[in-house]
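A quick write-up on the structure given underneath.
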Amino acid sequence: MKAKPYERQGRKGVTIHCPGCGIPHNCGQHTFNGDFEKPTLAPSLLQEFSTGEICHSFVRDGSIEFLSDTTKHALRGFHMLPDIKEQP
Ligand SMILES: [Zn+2]
């Protein structure tokens, strides 16, 4: 699967593994198409790090598109989401 459910402090969402950052991103306030093999999330996924760096992407149909304002890593454009283990 390319997304897995998570629940923290009563909030539910999905987690994807970001191939740019090399870490999972939790998507809590997003609409999710319910497909853990080909996840689509809306709106865009914006991760801000304490360093001020940004990872900004769209997740659609199991792929992730990195936007040009991403500063956390050098990946741009479309990449396949890697498989993510159901249990951490
Ligand atoms: Zn990322």
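Here is how the numbers come out for the structure above:
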item	result
Any chance Ile84 is in contact with a His (Cβ under 8 Å, 6 or more places away or on another chain) and not small (Gly, Ala, Ser)	yes
Flag for Thr70 being within 14 Å of the ligand (Cβ to nearest atom), modelled with pLDDT of 95 or more, of a type outside the set (D, E, K, R) and within 16 Å of Pro19 (Cβ to Cβ)	yes
Counted residues, region 49-67 - those being in contact (Cβ under 8 Å) with a residue 40 or more places away in the chain and more than 12 Å from the ligand (Cβ to nearest atom)	1
Subset tally (residues that are surrounded by fewer than 16 Cβ atoms within 10 Å (Cβ to Cβ), under 22 Å from Thr31 (Cα atoms) and touching a Ser or Thr at 6+ places or on another chain (Cβ under 9 Å)) for region 66-88	4
Residue that is surrounded by the fewest Cβ atoms within 10 Å (Cβ to Cβ), among those in region 34-56 that are small (Gly, Ala, Ser) and either assigned to a loop (DSSP other than H, G, I, E, B) or modelled with pLDDT under 95 (or both)	Ser50
Residues located in region 1-15, provided they are touching a Ser or Thr at 6+ places or on another chain (Cβ under 7 Å) and in a loop (DSSP other than H, G, I, E, B)	Ala3
Residue match in region 30-38 (condition: of a type in the set (A, V, I, L, M, F, W, C), more than 12 Å from the ligand (Cβ to nearest atom) and within 13 Å of the chain's Cα centre (by Cα))	yes
In region 73-88, the residues that are modelled with pLDDT under 95 and more than 16 Å from Lys2 (Cα to Cα)	none
In region 16-33, the residues that are surrounded by 15 or more Cβ atoms within 10 Å (Cβ to Cβ), in a loop (DSSP other than H, G, I, E, B) and touching a His at 6+ places or on another chain (Cβ under 8 Å)	Cys18, Pro19, Gly20, Cys21
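The values are calculated or read from the model by the stated rules, or taken from the named source; none is laboratory data. Source: prediction; values computed, not measured. Note that each Cβ is placed from the backbone with ideal geometry, even for glycine, and that neighbours are counted across all protein chains shown.
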